[in-house]
Amino acid sequence: MGRLVQMTVFTAVVDAGGFSAAARALGLAKSTVSRHVAELEERLGVRLLQRTTRAVRPTELGLAYYERCVQVVADADEADRVLTSRLPMPSGRLTIAAPPQFAARYLMAPIHEFLNAYPDVEVNLVLDDRFVDVVDDGIDVAIRVSRLEDSSLVARRLGVCRSGFVGAPSLIERFGLPKTLDDVLAMPGVGHALFLKRPLIVQGPDGQEVHAQPVSRFQANDGDALIASAVAGIGVAWAPDFLVQEHLQAGRLIHLLPDWTEPKRVVHALYPHRRHLSAKVRAFIDSLVDRFADDPPWRAFDVPVS
């Protein structure tokens, strides 16, 4: 593993005070961050971090090494900025893969702006709820709304999202406002066909995770069809906030059991690890990060950014 990558990861762990927080900041899996630090300590032959159950702190040698690493990483970033300012304008075909409903709501405007900004770029948008093989299918950038798996792909964090229970006012009038998880599971439901064969993982107010299996009166393999049925009062939907945010704001749906949501997932822009990242990929991903990372517009269930 490259020395600079190890130093970057190490400084992120010290800055964040832990492996999990550093992994989130870097858009990497926690196991990958831990491996980088372990390989760095093995290469140097010293312990750089003191690990406890509550925090991760640098050792005396680790602190001295951290101070030098900060300067090295900063110098490398400055070198990148000097070089990228002289790179050619983005051009050529950019192939983007994304979930259809997420793309329709939150990617079309950024794509249109990108095309207007770079007239020599053409975009091929591949819409699929399933995970495409980024490398084998020739995808330049893939947008995924999921827990990040450890892989050879490079990830840039765009924001976080969660799923929650939602229902129409007409449904609440018929069955009453549910007060417990058992109450909401006893109500008629609508469900996405991709997720009916395994239970939901629902996180309670104390952070406990419960496996739940709603009974679905209506099933569909399309998120918009599912939400339309929920709005019509057919049943309760367990849906991501990016699908229901507009309906919650308009009062067509009500967030049920706000203390019971899904453990947060991260929206990532993924791309294959390449030694020389093309200008079109770099520019598009940077534009998404600038647009979404600080305040994602799809947050409907009061999900914290950090």
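Is it the case that Ala55 is modelled with pLDDT under 90 and of a type outside the set (Phe, Trp, Tyr)?
Answer is yes for this residue.
Has the stretch 159-171 got any residue that is modelled with pLDDT under 90 and within 30 Å of Gly92 (Cα to Cα)?
Yes, some residue in the stretch 159-171 is modelled with pLDDT under 90 and within 30 Å of Gly92 (Cα to Cα).
Please go through the stretch 13-33 and give me each residue that is crowded, with 16+ Cβ neighbours inside 10 Å and in a helix (DSSP H, G or I), ordered by number.
Selection gives Val13, Val14, Ala16, Phe19, Ala21, Ala22, Ala23, Arg24, Leu26, Lys30, Thr32, Val33.
Give me the residue from the stretch 36-52 that is in a helix (DSSP H, G or I) and either touching a residue at least 24 places away in the same chain (Cβ under 8 Å) or outside the structural domain of Ser20 (by TED's automatic domain parsing) (or both) and, out of that set, farthest from the chain's Cα centre (by Cα).
It comes out as Arg43.
So, restricting to helices (runs of 4 or more DSSP H) that lie completely within the stretch 104-216, which ones have at least 2 residues that are crowded, with 16+ Cβ neighbours inside 10 Å and not assigned by TED's automatic domain parsing to the domain that holds Ile285?
169-175, 181-186
Answer yes or no as to whether Lys264 is in contact with a Lys or Arg (Cβ under 8 Å, 6 or more places away or on another chain), modelled with pLDDT under 90 and surrounded by fewer than 17 Cβ atoms within 10 Å (Cβ to Cβ).
Answer is yes for this residue.
Tell me which residues, restricted to the stretch 253-276, are out of contact with any helix residue (DSSP H, G or I) (no Cβ under 8 Å at 6 or more places or on another chain) and in contact (Cβ under 8 Å) with a residue 24 or more places away in the chain.
Of everything in the stretch 253-276, those that are out of contact with any helix residue (DSSP H, G or I) (no Cβ under 8 Å at 6 or more places or on another chain) and in contact (Cβ under 8 Å) with a residue 24 or more places away in the chain turn out to be Pro258, Asp259, Thr261, Glu262, Pro263, Lys264, Arg265, His268, Leu270, Pro272, His273.
Given the conditions (1) in the same structural domain as Tyr106 (by TED's automatic domain parsing); (2) part of a helix (DSSP H, G or I), which single one is not true for Phe242?
Of (1) in the same structural domain as Tyr106 (by TED's automatic domain parsing); (2) part of a helix (DSSP H, G or I), only one is false for Phe242: (1).
For Ala250, indicate whether it is over 16 Å from Arg157 (Cβ atoms), surrounded by fewer than 20 Cβ atoms within 10 Å (Cβ to Cβ) and free of Cβ contacts under 8 Å to residues at least 24 places away in the same chain.
Here the answer is yes, as Ala250 does meet what is asked.
The values are calculated or read from the model by the stated rules, or taken from the named source; none is laboratory data. The model shown is predicted, which means the values in this text are computed figures rather than measured ones. Because the Cβ atoms are built from the backbone with ideal geometry, glycine has one as well, and the counts that use them run over all protein chains shown.
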